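Encoded as structure tokens, the structure appears first; notes follow it.
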Amino acid sequence: EAQVTQNPRYLITVTGKKLTVTCSQNMNHEYMSWYRQDPGLGLRQIYYSMNVEVTDKGDVPEGYKVSRKEKRNFPLILESPSPNQTSLYFCASSLSFQATEAFFGQGTRLTVV
Amino acid sequence: QKEVEQNSGPLSVPEGAIASLNCTYSDRGSQSFFWYRQYSGKSPELIMFIYSNGDKEDGRFTAQLNKASQYVSLLIRDSQPSDSATYLCAVIRGGSYIPTFGRGTSLIVHP
């Protein structure tokens, strides 16, 4: 089954404690991206990756890091989380950035206290 | 500042009616336009994309793009209660890889 898998689904952490949200896709997609969704602000892209070892900033990259060492995985790293990073996070993948099909993970609800 | 505006709604339509969802954008360089559906508590699903002026039909969905007036709309014919969701409009500027999303319109289809 074609899917994008994010883990964990829910996470409560404390300010400053490094965390990683994993994202994996099984469709051999080249394009992957991370979004955060906040009430009243909508979806905003954090980082995207056009292919292995090719990543670039989206609209709101501050406080986040990503890596793309393998085609299937695109982890999101918060080196020192802060309360303003409390949000719902989605990973997405597609064949290309303008592909006709895009697949989203189930979401990760992160709370930083 | 790139802006994508959507009426937050809720837009309420009876079952079987046509639901019309609208989106305006400020960046005249925008070239790619997408509609996503998001059920409450779920992840977004891409349902339509359009690049050229005019209409694009896919089943019960029709996307309409008017670049001169800077709007893109989504029509849902024969609306069903299962269409009740939030619809997100996204726009990508030519040469960019970063979509700008609207805040979404909540659609309620009542039996």
- line: So for region B:52-108, using the alpha carbon gyration tensor with a ≥ b ≥ c as root eigenvalues (a/c under 1.5 gives rounded; past that, a/b versus b/c decides prolate or oblate), I'd call it oblate
task: Evaluate the charge dipole of region A:26-113 about its Cα centre and quote only its size in Debye, nearest 20, assuming +1 on the Cβ of each Lys and Arg and -1 on the Cβ of each Asp and Glu.
output: 160
- line: One finds the C-alpha centres of region A:16-42 and region B:30-64 to be spaced, in Å, by 21
- prompt: Can you give the mean number of other chain Cβ atoms that lie within 10 Å of the Cβ atoms in peptide B:94-104?
  reply: 5
- request: Check each of the chymotrypsin sites (Phe, Trp or Tyr not before Pro) in region A:45-113 and keep only those in coil by DSSP with at most 15 other C-beta atoms within 10 angstrom; list them in order.
  value: none
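For B:40-46, what's the mean count of beta carbons from other chains sitting within 10 Å of each residue's beta carbon? Spell out each step's value before the answer.
Details: counts 0, 4, 3, 13, 8, 4, 8.
So the per-residue partner count for this stretch is 6.
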- request: Lys and Arg at +1, Asp and Glu at -1: add these up for the other residues within a Cβ distance under 11 Å of residue B:109 and post the number.
  value: -3
- line: Taking a straight Cα-to-Cα line shorter than 30 Å from residue B:56, and setting aside same-chain lysines fewer than 8 residues away, one finds B:2, B:42, B:67
query: Fewest to most neighbouring Cβ within 10 Å: what's the order for A:108, A:15?
result: A:15, A:108
- prompt: For region A:31-113, what is the relative contact order in percent, using Cα pairs closer than 8 Å and at least 6 residues apart in sequence?
  reply: 28
task: Find out how many positive minus negative residues lie around residue B:55, taking Lys and Arg as positive, Asp and Glu as negative, among other residues whose Cβ is under 15 Å from that of residue B:55.
output: +2
- prompt: Between residue B:28 and residue A:71, what is the FRET efficiency for a Förster distance of 25 Å, r being their Cβ-Cβ separation, to the nearest 0.05?
  reply: 0.10
task: Of the DSSP beta bridges with both residues in the protein assembly as shown, give the percent that are antiparallel, rounding to the nearest 5.
output: 90
- line: HN-Hα couplings for region A:60-66 via Karplus (6.51, -1.76, 1.60; θ = phi - 60°), in whole Hz with x for Gly/Pro, come out as 9, x, 4, x, 10, 9, 9
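Where a number appears in this text, it was derived from the coordinates with a stated rule and is not lab data. As the structure is a prediction and not an experimental result, all values here were calculated from the model. Cβ coordinates were reconstructed from backbone atoms using ideal geometry, including for glycine residues, and neighbour counts include every protein chain displayed.
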